[in-house]
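Structure first, commentary second.
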Amino acid sequence: MYAQKANAPTRKPVTVPSLRAMKAEGRRIVMLTAYDATFATQLELAGVDIALVGDSLGMVIQGHSSTLPVTLDHMVYHTSIVARGLSSTLLVADMPFMADRDVPHALEAAAQLVSEGGAAMVKIEGASPHILEAIEALVERAIPVCAHLGLTPQSVHKFGGFRIQGREQEAADHMVAQAQAVEAAGAALLVLEGIPTALGERITRAVSIPTIGIGAGPHCDGQVLVLQDMLGITPGKRPKFSKDFLAGRDSVAKAIAAYVEDVRTGAFPAPEHCFE
Ligand SMILES: Nc1nc(=O)c2c([nH]1)NC[C@@H]1CN(c3ccc(C(=O)N[C@@H](CCC(=O)O)C(=O)O)cc3)CN21
Ligand SMILES: CC(C)C(=O)C(=O)O
Ligand SMILES: [Mg+2]
């Protein structure tokens, strides 16, 4: 899986066991979404640490207005074609809406994403009791899990839109407890989406697994963006927390390289990409 392609960079690949050390040593983790082999190879060559096959593909590939119509078959297909474009980049795949409705379904879905798709880790939204059970069951079966809290897009109807989460004290305290719960359940990584900067910092300090922010401030241990957003080709409105890295540059390769550089140095996210 980590065999070197002829023209791939000779950096040390990021593995699941190496993630905690990156946090402890303050080496920022660069994650970016990919949905096909061509772009996956562009991520690999730019030195992105983690490729995410996000269910955001429902919006940026399929043209839907939410991630809810994405099926397990769609996710397995896109994960498998992204895997073909990678050699040393850690591959994470989203569990689609309702694939995690109970532990047996979660195990079956994750098994497909790993064995047919080629993912090394699966990402699950939320921290309700059945999600914590699913995380434990997967980790027990040696499938690493990335948790995802905050503006979890599969809860769009519950939230009444793509709204920033955790602004009230009670909600913020609850999210800190949820972060500790997903770590205790065995998650190896935690995506924090659409929350105030102060809460992103608080959660990052409260757990020993790395946090990956998207609209969660600069204090997270890494950052993730949707590929189309950072190339300035979002269909519709680009979220405020994203940045067009192709603007002023003359190639996709340079845009992705600039994103990698700016996440590593902490230049991205800037205050205009963050929430209070
Ligand atoms: N292109 C794209 N980028 C994403 O980051 C993304 C997707 N699609 N699809 C799945 C989810 C949905 N996401 C979204 C979508 C919209 C906003 C948005 O419009 N946010 C408002 C802030 C709302 C508030 O202040 O409460 C914004 O102005 O950015 C945020 C996250 C994040 N994910
Ligand atoms: C934005 C990231 C975190 C995601 O879940 C996705 O792309 O689906
Ligand atoms: Mg997603």
Which of (1) farther than 14 Å from I203 by Cβ; (2) surrounded by fewer than 21 Cβ atoms within 10 Å (Cβ to Cβ) does A177 not meet, given it meets every other one? (1)
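Which residue is nearest to ligand 3 (Cβ to nearest atom), if the candidates are limited to the range 33-55 and must be hydroxyl-bearing (S, T, Y) and open to solvent by less than 20 Å² (accessible area, probe 1.4 Å)?
So the first thing to find is which residues in the range 33-55 are hydroxyl-bearing (S, T, Y), and the list is 33, 35, 38, 41.
So of that shortlist, the ones also open to solvent by less than 20 Å² (accessible area, probe 1.4 Å) come out as 33, 35.
Working: T33: 8, Y35: 12 Å.
Result: T33.
Being assigned to a helix (DSSP H, G or I) and of a type outside the set (S, T, N, Q) is the requirement here; does D229 meet it?
Numbers: assigned to a helix (DSSP H, G or I): yes; of a type outside the set (S, T, N, Q): yes.
It is true that D229 is assigned to a helix (DSSP H, G or I) and of a type outside the set (S, T, N, Q).
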Any residue in the range 241-260 that is part of a loop (DSSP other than H, G, I, E, B), touching a residue at least 60 places away in the same chain (Cβ under 8 Å) and of a type in the set (S, T, N, Q)? no
What about V176, is it in a strand (DSSP E or B) and in contact (Cβ under 8 Å) with a residue 24 or more places away in the chain? no
If V224 meets every condition in (1) in contact with a Leu (Cβ under 9 Å, 6 or more places away or on another chain); (2) closer than 21 Å to M22 by Cβ; (3) part of a loop (DSSP other than H, G, I, E, B) apart from one, which number is that one? (3)
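Could you tell me which of the residues A198, A172, A255, A216 is touching a Gly at 6+ places or on another chain (Cβ under 8 Å), more than 30 Å from L138 (Cα to Cα) and of a type in the set (A, V, I, L, M)?
Details: A172 fails: more than 30 Å from L138 (Cα to Cα); A255 fails: touching a Gly at 6+ places or on another chain (Cβ under 8 Å); A216 fails: more than 30 Å from L138 (Cα to Cα).
Just one listed residue meets the conditions, A198.
Looking at S80, S18, S87 in this structure, which one is at pLDDT 95 or above, in contact with a helix residue (DSSP H, G or I) (Cβ under 7 Å, 6 or more places away or on another chain) and of a type outside the set (F, W, Y)?
Details: S80 fails: in contact with a helix residue (DSSP H, G or I) (Cβ under 7 Å, 6 or more places away or on another chain); S18 fails: in contact with a helix residue (DSSP H, G or I) (Cβ under 7 Å, 6 or more places away or on another chain).
None of the other options fit; the residue is S87.
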Inspect all residues belonging to the range 132-149 and state whether any of them is more than 25 Å from E108 (Cβ to Cβ), of a type in the set (A, V, I, L, M, F, W, C) and in contact (Cβ under 8 Å) with a residue 24 or more places away in the chain. no
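The values are calculated or read from the model by the stated rules, or taken from the named source; none is laboratory data. Because the structure is predicted, anything quoted here is derived from the model rather than measured. Here the Cβ is made from the backbone with ideal geometry for all residues, glycine too, and neighbour counts use every protein chain on show. Side chains included, ligands, DNA and RNA excluded: accessible areas come from the protein's heavy atoms. Shrake-Rupley method; radii C 1.70, N 1.55, O 1.52, S 1.80 Å.
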